[in-house]
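Down below is the structure, laid out as structure tokens.
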Amino acid sequence: MSIRRPSKLVMIISVIVIFIVAIGGWAGMQMLKKANDESVTLADAKSNGEVRVVADDTIFVNGKEEEFSREVAKMHAYFNELLGWGGWRTFDPDSKEEELQSQLQYINTILLPETTGTLATDMERAAKGIEAALKTNSTKELFITHRIFHDLDVVMNENTADDYWGITTTYGKQ
């Protein structure tokens, strides 16, 4: 019984497949590394002077800071459920268009009117992120919207979190 050696074509295809898989794995690790390298803990950011101190009367219209903070926590939880813990890798914005439209409307009609100054800018950026995600069917913009609500929630509600991105105009890195 003789053993047949694989043809050159099979060997070349095998090497190409291995190369593509290796490059794909490396690219995925680089994206994950880059996403995680940009964050610090809130405690570290505060001790480094990277969290702005903002007077409530400069960012809220009707003195509803407590209610707004609760709503920010709910939005953060929604985006955590949608994109968190690696969910962004397989998320398709078109599949949740109705939900995202509802969140967009909520930001524009409920949250945005309660804000002014830099916090209004953050709400506008969050809304634009949803709009762009729906237009392009890309999670990149939703990732930014999620980080805006994450950072606002962490600072406003003094949550313990491993990551603070410093992405908001209101409290972001100075």
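The values are calculated or read from the model by the stated rules, or taken from the named source; none is laboratory data. Owing to the predicted nature of the structure, the values given are computational and were not obtained by experimental measurement. So basically every Cβ, Gly included, is an ideal-geometry build from the backbone, and we count neighbours across all protein chains shown. Surface accessibility is based on the protein's heavy atoms, side chains included, excluding ligands, DNA and RNA. Shrake-Rupley method; radii C 1.70, N 1.55, O 1.52, S 1.80 Å.
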Counting only residues that are in a helix (DSSP H, G or I), open to solvent by less than 70 Å² (accessible area, probe 1.4 Å) and under 27 Å from residue 53 (Cα atoms), how many does region 96-120 have?
11
Can you confirm whether region 125-139 contains a residue that is among the β-branched types (Val, Ile, Thr), in contact (Cβ under 8 Å) with a residue 12 or more places away in the chain and out of contact with any helix residue (DSSP H, G or I) (no Cβ under 9 Å at 6 or more places or on another chain)?
no
State yes or no: is residue 156 farther than 17 Å from residue 97 by Cβ and touching a strand residue (DSSP E or B) at 6+ places or on another chain (Cβ under 8 Å)?
no
Selection status of residue 171, within 18 Å of residue 50 (Cβ to Cβ), open to solvent by less than 40 Å² (accessible area, probe 1.4 Å), in contact with a Lys or Arg (Cβ under 6 Å, 6 or more places away or on another chain) and not acidic (Asp, Glu):
yes
So, of the residues in region 46-66 that are in a helix (DSSP H, G or I) and touching an Asp or Glu at 6+ places or on another chain (Cβ under 8 Å), which turns out to be modelled with the lowest pLDDT?
56
In region 54-68, how many are surrounded by fewer than 16 Cβ atoms within 10 Å (Cβ to Cβ) and within 17 Å of residue 150 (Cα to Cα)?
3
